[in-house]
């Protein structure tokens, strides 16, 4: 049986908000469908395109920008490089011209209201996040393909067997926390060290480090931008951005001109519990306000939970003096491995498991990474991840208006604080005395996901989504 092999760069992806499963995944699916057409040399023969959204993609697709992501993907644009400031004008041009330039080269007629359909009452069995593309060709022929966006920007094509990227010979294959601990004990390596050895099966050490530091660069830019941008979030809820005003209040009259000077200024604000608590919240708010504004973010492991790991990493940098390349890399490697374990043993998709699959997993990832970087043993690292997830079990996904804003943004602050608390508990504990293992929590999380009512799985059909009176404009 083929194992699922997950790299650091599978867990941390550069993309555009507001959702990895509803924005980045559908965007990638659209790109994959273009590749299908190109492989069959059918792109010049396309006369029309129809898109069908099912399940959660239909129910919360408007609020998550699923339609926008698909149109940009079919246009040949890439979420890593596309100018986020050009999104509105590009989409408006498609809507008003009734034309879609497939792959940026082949123009077809396209009427958004007629050709991009939200099937609110239909779902496909494999996963709640499903999209079908149908290319209508000359000569009354058609090519169709269905894709599932399974969380964190991961996409599976209907009918495909196994994983998309080629299988490699990993020196330390890992599916469970027990596997990870086994290799750590056998080799004496820290978790980050085991991860690096596995990454070498895909690329060189230099390439891995450079790629991970580039991910960190995007995280830094996102946090900094979010802490210096005011205004209201898009979507009609009129939610005010809070990170910028909180940053200004906390930083006082200190002057700075860039990220590094800002970090120095943050350190000078003091290390009281209240001050640190405010800064961690500010960092998390900043990222998820950027995410909600269709800004460039890093899935960690999803967009909806993208603020937790950056907030804890920023806490480590600013208040634990952890700002070297090696420290940053170790943090990211450890976090990614814990995230991959949850993906293999449970899910990182809110449409499958509720918000425990997003905020809960991200909190566990952050807790583990912080614990290793603060000198914890391998067992303490896994204990920290267990504690963080244990106290997110059963967390539902009930976004108001289908937008990744309420309660999603504040939940990132909660996840970050819980991660820091979990880390401290683990560092002050003897894991030998623990009654609950990370293996047990992963199983419990998956069982809870399966038992959870579907209305609490990113549908906006339950919870806060139906108990808060709102009036959104027609999309």
Dimensionless Rg/Rh of the range 8-157, both radii on Cα and Rh by Kirkwood, sits at 0.94
With a Förster distance of 25 angstrom and the Cβ-Cβ distance between residue 160 and residue 111, calculated FRET efficiency to the nearest 0.05 equals 0.25
Between the Cα axis of helix 325-345 and the main Cα principal axis of the chain, the angle (0 to 90°, nearest 10) is 60
Here the averaged projected area of the range 177-467, based on the convex hull of its alpha-carbon atoms and given in nm², is 14.9
Most packed first (mean Cβ within 10 Å per residue), the peptides 287-295, 375-383 order as 287-295, 375-383
Over all directions, the range 80-206 yields a Cα convex hull whose mean projected area in nm² is 13.1
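Provide the FRET efficiency to the nearest 0.05 for the residue 42-residue 203 pair, computing r from the beta carbons and using R0 = 22 Å. Write out the running numbers ahead of the final one.
Working: r = 33 Å, r/R0 = 1.50.
After rounding to 0.05, the efficiency reads 0.10.
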Here the range 1-67 gives, from Cα atoms, an Rg and Dmax in Å of 14.9, 42
Taking 0.36 nm per residue of separation between residue 326 and residue 260 and subtracting their Cα-Cα distance, the length gained on full extension comes to 22.1 nm
Taking 0.36 nm per residue of separation between residue 187 and residue 461 and subtracting their Cα-Cα distance, the length gained on full extension comes to 93.8 nm
For the residue 272, residue 232 Cβ pair and Förster radius 30 Å, calculated FRET efficiency rounded to 0.05 is 0.45
For the chain the mean separation of alpha carbon contacts under 8 Å (6+ apart) over residue count, i.e. relative contact order in percent, is 18
Here, residue 121 and residue 179, labelled 7 Å along Cα→Cβ, have an inter-label distance in nm of 4.3
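So what is the 222 nm mean residue ellipticity for the chain from helices alone, if each DSSP H run of at least 4 adds -39500 (n - 2.57) and you divide by all residues, rounding to the nearest 500 deg cm²/dmol?
Details: 21 runs with 235 residues, N = 475.
That comes out to -15000 deg cm²/dmol.
How do 336-346, 208-218 rank on mean C-beta neighbours within 10 Å, highest first?
Output ranking for 336-346, 208-218: 336-346, 208-218.
Across all directions of projection, what mean area in square nanometres is found for the Cα convex hull of the range 172-292? Numbers along the way, then the final one.
Values: hull surface 44.9 nm².
Directional mean of the projected Cα hull area for the range 172-292 stands at 11.2 nm².
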Ordering 80-91, 399-410 by per-residue average of other C-beta atoms within 10 angstrom, highest first, gives 399-410, 80-91
Binned at 5 Å from zero, the C-alpha pair distances of the range 256-299 give percents of 5, 19, 20, 22, 20, 11, 3
Simple spin-label estimate for residue 435/residue 140, 7 Å along Cα→Cβ, in nm, reads 7.0
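All of the numbers you see were taken from the coordinates with simple rules; none came from a lab. The model shown is predicted, which means the values in this text are computed figures rather than measured ones. So basically every Cβ, Gly included, is an ideal-geometry build from the backbone, and we count neighbours across all protein chains shown.
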